[in-house]
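> Dropping a structure here in structure tokens format, bear with me for questions.
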Amino acid sequence: MKTTAAVLWELGGKWEVEEVELDGPRAGEVLVELAASGLCHSDEHLVTGDLPIAYPMVGGHEGAGRVVEVGPGVTEVEVGDPVVMTFLPSCGRCSCCVRGYTALCDDGAGATLGPQLDGTYRFHARGEDVGQMCLLGTFAKHTVVPVKSVVKIDEGFPLHLAALVGCGVTTGFGSAVRSADLRAGDTAVVVGIGGIGANAVQGARIAGCRYVVAVDPVEFKREKALELGATHVAASTDEAWNTVSSITRGQLADAAILTTGVADGDQLQPALQLVGKRGRVVVTALGHPGEETVSMSLLELTLYEKQVRGALFGSSNGQHDVPRLLEMHNLGQLKLQELITREYSLEEINTGYQDMREGRNIRGLVRY
Ligand SMILES: NC(=O)c1ccc[n+]([C@@H]2O[C@H](COP(=O)([O-])OP(=O)(O)OC[C@H]3O[C@@H](n4cnc5c(N)ncnc54)[C@H](O)[C@@H]3O)[C@@H](O)[C@H]2O)c1
Ligand SMILES: [Zn+2]
Ligand SMILES: [Zn+2]
């Protein structure tokens, strides 16, 4: 079939919204008609080269829609089912999946390389095969994805809100609740208040943190963080240190979560200084693959038993966490509408990313 997609053709290029050819679903795949897609910073990494990929690629990895066709052997979902697409598949059988670490599923290993799990391509344009970001490619009116990447959700849940749970909400919430292991009474610092950090703030609040300190140089972000549950805000990690030191009487934070646009080795030591004894620094933001130098006090690490942890999808388990987060929204515990700063048509996607770069959005959302 023919559909419309935003394709990135080269490093440093713009998203080109054009007609593309989309093959039908093969074994274990489903064709989804998209309702909405969030504009996550991870797709910006494809433009800047912070995430190396093969071009061309249909971007987007945070979306929801309805199944319109199923491939051979698919029994998990039916035509008409509303689904959230998660940016990592889960096979349920590999070593990490069976231990419950489904974000680390072996099938996710090549998710940013372009082709589907069988090595072939579903999208084609200008006579070339076109890859799919995270096996999804949600910057398209229709896409074909592995059934292992979709989570069936309740009929009636607004799909444009559900879309955000495919990456940002689950990643941010999980970074606080799972990766940082925050508990009632703890103190958390979240560094960088975009779509991910805003949800780390919500996660920390829901976990029962006593103090949630949100750090961002942009004033609008700090205001939003307060609306989403931060108790204090700071414009820099230095400023945050003074606040955290004072409110905790020198004990410092239990966790600092890095959710800046691009992770940088220089961000580690300031984050490490924000946490106290047995404190965790959680690195959720993605750094350039060439970024291998980190400055960090090894003595502090040892003497205070501090820890540095990576977090993929907030160490979440899509099939379990996505429906639960939607239910938390239904109960008024988790905010979703408030995360959407502005909606765009697919044709306006470059404006959406410009707004993200300039700090104007918590999350931009493409509505189809
Ligand atoms: N680990 C994962 O599973 C995963 C999943 C999704 C996204 N990510 C990554 O998370 C990061 C955040 O994504 P996003 O969509 O929220 O990005 P975003 O661009 O919407 O937000 C980033 C925020 O960080 C702020 N910021 C930048 N430098 C800062 C600094 N030095 N101190 C404090 N704040 C700073 C910006 O002002 C902005 O508000 C990206 O690197 C993205 O690729 C990781
Ligand atoms: Zn994302
Ligand atoms: Zn697996």
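The values are calculated or read from the model by the stated rules, or taken from the named source; none is laboratory data. As the structure is a computational prediction, the values presented were derived from the model and not from experiment. Here Cβ is always computed from backbone atoms with ideal geometry, including for glycine, and neighbour counts include all displayed protein chains. For the accessible areas, the whole protein counts, side chains as well, though only heavy atoms, and no ligand, DNA or RNA atoms are used. Shrake-Rupley method; radii C 1.70, N 1.55, O 1.52, S 1.80 Å.
> Give me the residue from the range 1-27 that is of a type in the set (A, V, I, L, M) and in contact with a strand residue (DSSP E or B) (Cβ under 7 Å, 6 or more places away or on another chain) and, out of that set, most open to solvent (accessible area, probe 1.4 Å).
Step by step, filter the range 1-27, then rank; the result is MET1.
> Here is a further query. So which residues in the range 1-25 are hydrophobic (A, V, I, L, M, F, W, C) and in a strand (DSSP E or B)? Please lay out each step first, then the result.
Keep residues of the range 1-25 that are hydrophobic (A, V, I, L, M, F, W, C), which gives 1, 5-9, 11, 15, 17, 20, 22.
Those that are hydrophobic (A, V, I, L, M, F, W, C) and in a strand (DSSP E or B): ALA5, ALA6, VAL7, LEU8, TRP15, VAL17, VAL20, LEU22.
Table: residues versus (1) modelled with pLDDT under 95; (2) open to solvent by less than 40 Å² (accessible area, probe 1.4 Å); (3) under 24 Å from VAL215 (Cβ atoms).
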| position | (1), (2), (3) |
| --- | --- |
| VAL275 | no, yes, yes |
| VAL281 | no, yes, yes |
| PRO289 | yes, no, no |
| LEU299 | no, no, no |
| TYR304 | no, no, yes |
| GLY318 | no, yes, no |
| ARG357 | no, no, yes |
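> Same structure, new question: Any idea which of (1) near ligand 1 (Cβ under 10 Å from one of its atoms); (2) part of a helix (DSSP H, G or I); (3) surrounded by fewer than 22 Cβ atoms within 10 Å (Cβ to Cβ) is the one SER246 doesn't satisfy?
(1)
> Within the range 343-355, can one find any residue that is in the same structural domain as VAL47 (by TED's automatic domain parsing), within 13 Å of ligand 1 (Cβ to nearest atom), open to solvent by 60 Å² or more (accessible area, probe 1.4 Å) and out of contact with any strand residue (DSSP E or B) (no Cβ under 9 Å at 6 or more places or on another chain)?
The answer is yes, given that some residue of the range 343-355 is in the same structural domain as VAL47 (by TED's automatic domain parsing), within 13 Å of ligand 1 (Cβ to nearest atom), open to solvent by 60 Å² or more (accessible area, probe 1.4 Å) and out of contact with any strand residue (DSSP E or B) (no Cβ under 9 Å at 6 or more places or on another chain).
> With the condition being farther than 27 Å from SER236 by Cα, I'd like the strands (runs of 3 or more DSSP E) fully within the range 252-368 carrying at least 3 qualifying residues.
363-367
> With respect to CYS134, determine if the residue is in a helix (DSSP H, G or I), within 16 Å of ligand 1 (Cβ to nearest atom) and buried (at least 19 other Cβ atoms within 10 Å of the Cβ). First the steps, then the outcome.
Working: in a helix (DSSP H, G or I): yes; within 16 Å of ligand 1 (Cβ to nearest atom): yes; buried (at least 19 other Cβ atoms within 10 Å of the Cβ): yes.
For CYS134, the condition - in a helix (DSSP H, G or I), within 16 Å of ligand 1 (Cβ to nearest atom) and buried (at least 19 other Cβ atoms within 10 Å of the Cβ) - is met.
> Oh, and also: Considering the range 195-209 alone, what residues qualify as being in contact with a helix residue (DSSP H, G or I) (Cβ under 7 Å, 6 or more places away or on another chain) and surrounded by 24 or more Cβ atoms within 10 Å (Cβ to Cβ)?
Listed by number, the residues that qualify are GLY195, ILE196, GLY197, ALA198, ASN199, ALA200, VAL201, GLN202, GLY203, ALA204.
> Kindly provide the set of residues from the range 89-119 that are assigned to a helix (DSSP H, G or I) and within 16 Å of ligand 1 (Cβ to nearest atom), ordered by number.
To start, the set of residues in the range 89-119 that are assigned to a helix (DSSP H, G or I) comprises 95-98, 102-104, 106-108.
Correct list: CYS96, THR102, ALA103, LEU104, ASP107, GLY108.
> Name the residue that is farthest from ligand 2 (Cβ to nearest atom), counting only residues in the range 228-254 that are closer than 28 Å to ARG360 by Cβ and among the aliphatic types (A, V, I, L, M).
The extreme case among them is VAL244.
> Given the options VAL212, VAL233, name the one that is buried (at least 20 other Cβ atoms within 10 Å of the Cβ), away from ligand 1 (no atom under 13 Å from the Cβ) and not hydroxyl-bearing (Ser, Thr, Tyr).
VAL212
> Taking into account only those residues within the range 28-53 that are part of a helix (DSSP H, G or I) and open to solvent by less than 20 Å² (accessible area, probe 1.4 Å), which is farthest from ligand 1 (Cβ to nearest atom)?
It comes out as VAL47.
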